[in-house]
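Structure, as structure tokens:
The values are calculated or read from the model by the stated rules, or taken from the named source; none is laboratory data. This is a predicted model, so every value here is computed, not measured. Because the Cβ atoms are built from the backbone with ideal geometry, glycine has one as well, and the counts that use them run over all protein chains shown. SASA here: full protein model, heavy atoms, side chains in, ligands and nucleic acids out. Shrake-Rupley method; radii C 1.70, N 1.55, O 1.52, S 1.80 Å.
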Amino acid sequence: MLPDQTPPPQRRYVIVGAGLAGASTAFHLRRLGAEQVVLLERERLPDVHASGRNAAMVRTTMERPELQALADESAAELRSGRLAAYRATGGLLLGQGTDAVADHVPPARGSANFQAGDGVIDVAGLLQRYLHGADVRYACGVLGVERHATELRVRTTEGDVRADVLINAAGAWAGEVGDLPLTPRNRTLYVSQPDAAIKPSWPFLWDLDAGYYLRPESGGWLLCACDERDAAPGDYIDDEDVLLDLGAKLRKHQPELGDLRIARSWVGQRTFAPDGLPIVGFDAGTPGLFHVAGLGGHGVTLSYAVGKLAAEALLEGRRIPEALSAGRLQPS
Ligand SMILES: Cc1cc2nc3c(=O)[nH]c(=O)nc-3n(C[C@H](O)[C@H](O)[C@H](O)COP(=O)(O)OP(=O)(O)OC[C@H]3O[C@@H](n4cnc5c(N)ncnc54)[C@H](O)[C@@H]3O)c2cc1C
């Protein structure tokens, strides 16, 4: 795919975006011996967007079988605690098993499948670990890219940067950066006022059919109505109907949680390809452009394995499964 004969470890890898996708890819590239890895991040911090607005849950049961092996590989590493602090709370998938929810979370009801291997990770710590020692240029926005003979010239707000491989890990902006059919979807998280009765060690509860989840956070509950609203990248619209929907779902399915007072809330964006699967691999049309995008609602869980897949493909020629390849969305 590449026009030059430079050995893979000596190529210059420039990554757009220092969120979980870009940070993990940089981590693995460097771990495997890449000599020149540069991250360009438009913000002054790596966690301004999805990677700093998520629920931090490591949920290993994937709805999509194509992602299960990656989730298992990632979770094994995240669970080890080697990368960042991990709370092995377990997770309850409501309606999918016969475990009594109240045995694990006394004020909650229903039956569930208890997944002992699930938990909650310190996402800020994980990002820091991925980025430790990396060459990250903050406040540096990528404006475009041009081909010059055997290299790419990346135009940025801080001047031009040379790349042999440009890695598009721009999250909600990855569709714009890489000309891909990606849709950001808004999702709102709420945290209720602290209550001493809520134990931080309780597992998360996720009802995929009714569409809500909750877990202990900051002494209260972190709550989500699983809202999904298409939006432009970075357009964090606060929709009051979501809170009404959350209240209705909790009254119906978890009435014993009582009246919860919301202390704070925020909106984040999960970014999806049309088929809901991540995009990992070389662009079908632009030589030297490689995507690590569309991590949707599982980018915390999948980050370790997706970055590893990308780096091994770039440095060692590992095959990318067709279901994840960029080519599946870019018919020649
Ligand atoms: C509400 C919510 C809850 C979630 N809960 C979970 C969960 O519990 N478990 C789980 O596994 N996943 C969860 N996720 C999903 C997870 O957070 C995402 O999949 C993941 O953070 C995506 O990472 P990313 O690096 O692709 O995107 P981002 O974190 O958005 O990073 C992309 C970066 O690219 C930068 N960028 C964009 N364009 C440019 C440019 N032109 N130049 C320079 N920089 C640029 C941006 O500034 C940004 O920092 C949740 C997401 C949301 C929104």
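Listed values, structure above:
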| item | result |
| --- | --- |
| Estimated FRET transfer efficiency (residue 157, residue 80; beta-carbon r; R0 41 Å; 0.05) | 0.60 |
| Amide H contacts of residue 219 (H built 1.01 Å from N, under 5 Å, at least 5 apart or other chain) | none |
| Exposed GluC sites (Glu not before Pro) absent - longest run of the chain, DSSP non-H/G/I/E/B, at most 16 other C-beta within 10 Å | 229-332 |
| Once exposed loop trypsin sites (Lys or Arg not before Pro) are cut out (DSSP; at most 11 other Cβ, 10 Å), longest piece of the chain | 83-260 |
| q = 0.24 Å⁻¹, the range 222-289: log10 I(q)/I(0) [Debye, one scatterer per Cα] | -1.14 |
| Between helix 240-253 and the chain: long-axis angle, C-alpha atoms, 0 to 90°, nearest 10 | 50 |
| Size descriptor, Kirkwood hydrodynamic radius, that averages inverse alpha-carbon separations across the range 12-72, Å | 13.3 |
| Longest to shortest principal axis, alpha-carbon extents of the range 172-250, angstrom | 49, 25, 23 |
| Semi-axis lengths, Å, the range 45-133, gyration tensor of Cα atoms, sqrt of 5 times eigenvalues | 27, 15, 12 |
| The chain: angle of helix 299-316 to the longest principal axis, Cα-based, in degrees nearest 10 | 20 |
| The range 230-296, accessible surface, carbon-and-sulfur percent (1.4 angstrom probe) | 49 |
| Quotient of C-alpha Rg and 2.2 N^0.38 Å, computed over the chain | 1.02 |
| Solution diffusion estimate, µm²/s, Stokes-Einstein, the range 11-160, Kirkwood Rh from C-alpha pairs, 20 °C, viscosity 1.002 mPa s | 121 |
| Helix axis angle, 20-31 relative to the chain longest principal axis, alpha carbon, degrees | 50 |
| Per residue accessible area in Å² of the chain, where ligands, DNA and RNA are left out and the probe is 1.4 Å | 42 |
